[in-house]
């Protein structure tokens, strides 16, 4: 058990170093395993329409083996969309997109592992923007270990 824990600590130390400057950490996660964010700040309107262009943000992230709460960020609100998602140790491409529809947005999130034996995982959620203005939106991964 000690050997596994030291390996996870090494991987998570690398992840933590890569995440310096990421906004906040969730109170449920130990300080050694900070919440990771993939966010974008931009002007959004409260009544979008489907003729508007989608917006995406992506990053590469190295994750340790374990369970994560995975969800969306919209302003100060964080919503867990998938709890206790099990992910293997490795490098992933993480992409969040915001798709305007008539009166609301659809936010999609994907984690695409470099390991060809693993499947890409997806989230999707309809989101309302309460008021036109500058918003920070995207996704978060909160380690549960």
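Any read-out appearing in this document is the output of simple, stated calculations on the displayed coordinates, not a laboratory observation. Note that this is a predicted model, so its numbers are computed, not measured. Backbone-built Cβ (ideal geometry, glycine too); neighbour counts: all protein chains shown.
If each residue of separation counts as 0.36 nm, what is the full-extension length gain between residue 53 and residue 122 once their alpha-carbon separation is subtracted?
On the way: separation 69, 0.36 × 69 = 24.84 nm, distance 2.07 nm.
So the chain would gain 22.8 nm between residue 53 and residue 122.
What FRET efficiency comes out for residue 60 versus residue 134 if R0 is 30 angstrom and r is the Cβ-Cβ distance? Round to the nearest 0.05. Mind showing how you got there, number by number?
On the way: r = 26 Å, r/R0 = 0.87.
E between residue 60 and residue 134, to the nearest 0.05, is 0.70.
Can you pull the one-decimal nm distance between simple spin-label points at residue 145 and residue 93, each 7 Å off the Cα toward Cβ?
Distance between the two pseudo-spin positions: 2.5 nm.
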